[in-house]
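Below is a structure I'd like to ask you about.
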Amino acid sequence: MNGGRWKFLLVGSLVLNVFLLGAIAGGAYQWFAAHRPSGVAVAQQRALRFAAGELSAERQEAFLDDLKEARREGRQFAREGREGRREVLRLLAAPQLDRAALDAALARTRAADSALRAQVESSVADFAASLTPEERVKFADSLKQRGQWREPQPAVAASQPASQ
């Protein structure tokens, strides 16, 4: 074989190997992407509606019904909170800052948000009152993972000793 033919075979082999490596890397990426929990799924499982997940199906359904009812009753508060945030943004973007109006809008928004939160928390407390002591322990443990009672994840840096 002459030198030109060897170069052609070498370049062809190199191109084929690069193509195969790319295919393997792409396939591995697709496989790992499909087999790991997505951020959305993990975030959704941290929502308050999953707090009764360790309880019986009947209790879970009762909790979801109570939670839906509390949110339905709090729709006006949620609407007031959204409108208040829009008003705050409008006041902040105005050419002249009206501090008194801004403070009043912030206070209305805060009051609406607090009222909605109180409505939901009261519903959770009413549900917890209907549980047995063992169920309440499971429910409390689950609340540590979900909703506004979620405990923060321990920081990696905090668990490692400081280097000297």
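Values in this text are rule-based calculations from the coordinates and carry no lab data. Everything numeric here is computed off the predicted structure, so don't read it as measured data. For neighbour counting, all protein chains shown are included, and Cβ atoms are generated from backbone atoms with ideal geometry for every residue, glycine included.
When Lys and Arg each count +1 and Asp and Glu each count -1, what net charge do the other residues less than 11 Å away from A70, Cβ to Cβ, add up to?
-1
What's the exposure ranking of T132, T109, going from fewest to most Cβ atoms within 10 Å?
Ranking T132, T109 by Cβ neighbours within 10 Å, fewest first, gives T132, T109.
Take K68, K138 and order them by how many other Cβ atoms sit within 10 Å, fewest up front.
Least crowded to most crowded, the residues run K68, K138.
Now for a separate question. So for the pair Q145, Y29, with labels modelled 7 Å out along Cα→Cβ, what separation do we get in nm?
The answer from the label model is 3.2 nm.
Still on this model: Can you check what the net charge comes to around T132, using other residues whose Cβ is under 11 Å from the Cβ of T132 (Lys, Arg +1; Asp, Glu -1)?
On the way: positive: R59, R136, K138; negative: E134, E135.
Residues close to T132 contribute a combined charge of +1.
Further question on the same structure: List the aspartates and glutamates whose alpha-carbon lies under 16 Å from that of K68, not counting same-chain residues fewer than 8 positions away?
E58, E121, D126
Given N residues in the range 33-142, what is its alpha carbon radius of gyration divided by 2.2 N^0.38 Å?
Working: Rg = 18.9 Å, N = 110, 2.2 N^0.38 = 13.1 Å.
Ratio of Cα Rg to 2.2 N^0.38 Å: 1.44.
Same structure again: Show me 114-120, 7-13 ranked by packing, highest mean number of other Cβ atoms within 10 Å first.
By packing density, highest mean first, the sequence is 114-120, 7-13.
If you don't mind, another one. For L20, L64, what ranking results if the residue with the fewest other Cβ atoms within 10 Å of its Cβ goes first?
Sorted ascending by nearby Cβ count, the order is L20, L64.
Now, a different point. Lys and Arg at +1, Asp and Glu at -1: add these up for the other residues within a Cβ distance under 11 Å of D113 and post the number.
Net charge in that neighbourhood comes out at +4.
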